[in-house]
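Engineer: Shown below is the structure under consideration.
The values are calculated or read from the model by the stated rules, or taken from the named source; none is laboratory data. Please read these numbers as outputs of a predicted model, since none were measured by experiment. Virtual Cβ from ideal backbone geometry, glycine too; neighbours counted across all protein chains shown. Each accessible area value is taken on the protein alone, full model and side chains, heavy atoms only, with ligands, DNA and RNA left out. Shrake-Rupley method; radii C 1.70, N 1.55, O 1.52, S 1.80 Å.
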Amino acid sequence: MTSVRDALRRAPMVEDAPGLRLLKVGDGWDLVRTSAEVGLLVLAHLRATGAPIGPVLYDRTNGRLYYAIATGTAGHWHELPVRHLSANSWLVAPGLEILDGWFGGWCELPDDDTLTDAAALRTALRHPYVIAAAEEGHSGAFH
């Protein structure tokens, strides 16, 4: 399996956008996209519970967070306010040389191949305060 960090090192640069790279999703890891509002609550929950957290990208421009998870979990996200991204998906992300910028940045970027535990992520997404935030109507950016 290729870690997200290794994939960033090998990913092509985005033309006319210094420091941004084009990552191919679905090769050893997938992504779960949430709104930033919900995703930041989920991240706080995961940190508080000590769950394994892999790379988490904050897309400030579009108001989203992306969690890297293991591949093979596609059928487990349909009832949650997220979008699962896998094979045939691409992500524009800051390279290792830019960990934070006007477009957002990496909230988490482990040095190893740690991925966010999918079961812990689903549990956090089902937490009452996360559900309340999603139901407030501010979750239009999920899909």
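Engineer: Can you give the accessible area per residue of the stretch 1-42, in Å², using a 1.4 Å probe?
Structural biologist: Per-residue value: 46 Å².
Engineer: Still on this structure: I'd like the accessible area for Glu79: 1.4 Å probe, protein heavy atoms, all chains in place, Å² to the nearest 10.
Structural biologist: Accessible surface of Glu79 is approximately 90 Å².
Engineer: Given the -39500 (n - 2.57) contribution per DSSP H run of 4+ residues, what per-residue ellipticity at 222 nm results for the chain, rounded to the nearest 500 deg cm²/dmol?
Structural biologist: -7500 deg cm²/dmol
Engineer: Then there's this: Summarise the accessible area of the chain (1.4 Å probe, protein heavy atoms) by the percent that is carbon and sulfur.
Structural biologist: 52 percent
Engineer: Between beta-carbons, use under 9 Å as the cut-off and find the net charge around Ala7, counting Lys and Arg +1, Asp and Glu -1.
Structural biologist: Cβ neighbours under 9 Å give a net charge of +3.
Engineer: Give the ranking of Ile53, Ile131 by solvent-accessible surface, highest area first, calculated with a 1.4 Å probe.
Structural biologist: Output order, biggest surface exposure first: Ile131, Ile53.
Engineer: If you bin every alpha carbon distance in the chain into 10 Å steps from zero, what whole percent lands in each bin?
Structural biologist: Distribution as computed: 12, 45, 35, 8, 0 percent.
Engineer: Give the long-range amide H neighbours of Asp30: residues separated by 5 or more places, or on another chain, with amide H under 5 Å away, using H modelled in the peptide plane at 1.01 Å from N.
Structural biologist: Close amide H contacts, sequence-distant or interchain: Ile69, Ala70, Thr71.
Engineer: Now a separate question. Obtain the radius of gyration and the Kirkwood radius of the stretch 1-75 from its C-alpha atoms and give Rg over Rh.
Structural biologist: Ratio of gyration radius to Kirkwood radius for the stretch 1-75: 0.98.
Engineer: Around Ala93, with a cut-off of 10 angstrom between Cβ atoms, what is the net charge of the other residues, counting Lys and Arg +1 and Asp and Glu -1?
Structural biologist: That works out to 0.
Engineer: Highest mean first, how do 11-19, 88-96 rank when packing is the count of other Cβ atoms within 10 Å averaged over residues?
Structural biologist: 88-96, 11-19
Engineer: What order do you get for 54-66, 117-129 when each peptide is scored by the mean count of other beta carbon atoms within 10 Å, highest first?
Structural biologist: Top of the packing list down: 54-66, 117-129.
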